[in-house]
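Participant: Dumping the structure here so I can ask a few things about it.
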Amino acid sequence: MIKMIITLKRLEGMTHKEFTDYQRNIHRPLLESIPEARRYIRRFVVSYPIPAPKYPEPSYDSVVEAWFDSMEDLNALYFSDNFLNIVDPDHKNFIDLSSFGRIIAEEEVVIE
């Protein structure tokens, strides 16, 4: 199983609430609208920071995790015409692309 982890920071001038509302209500439906998302994604999770006293402020406004059966499936989604023409152009509307982080990984379960 292949996992993509993406760290996202909101555009300057956008509140955290505006960012999460946009990601949930505008951007997410774009992803869900393309057939490749249902075909290739095995699991998709978005995490948002919560207040955590005694811990530093978070560096990101959300972390996205997406699981795929293979690198071929990951590439089939992210390099599809639908993703490139429908989903990807929307990123600039709510994400600070200069702070975008991504890792492609294989999970190693330590405690289950």
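Participant: Looking at segment 2-105, what % of the alpha carbon pairs are farther apart than 20 Å?
Facilitator: Result for the distance tail: 40 percent.
Participant: Calculate, in nm to one decimal, what residue 78 and residue 103 gain on full extension: separation in residues at 0.36 nm each, minus their alpha carbon distance.
Facilitator: 7.6 nm
Participant: Ok, one more. Among 43-54, 15-26, 58-69, 95-106, how do they line up from the highest to the lowest mean number of other beta-carbon atoms within 10 Å?
Facilitator: 58-69, 15-26, 95-106, 43-54
Participant: If you don't mind, another one. Could you name the aspartates and glutamates whose alpha carbon sits less than 14 Å from that of residue 17, not counting residues in the same chain fewer than 8 places away?
Facilitator: Here the aspartates and glutamates satisfying the reach criterion relative to residue 17 are 61.
Every number in this text was worked out from the coordinates using simple rules, so none of it is lab data. It should be emphasised that the depicted structure is a prediction, and the values quoted were computed from it without experimental measurement. Note that each Cβ is placed from the backbone with ideal geometry, even for glycine, and that neighbours are counted across all protein chains shown.
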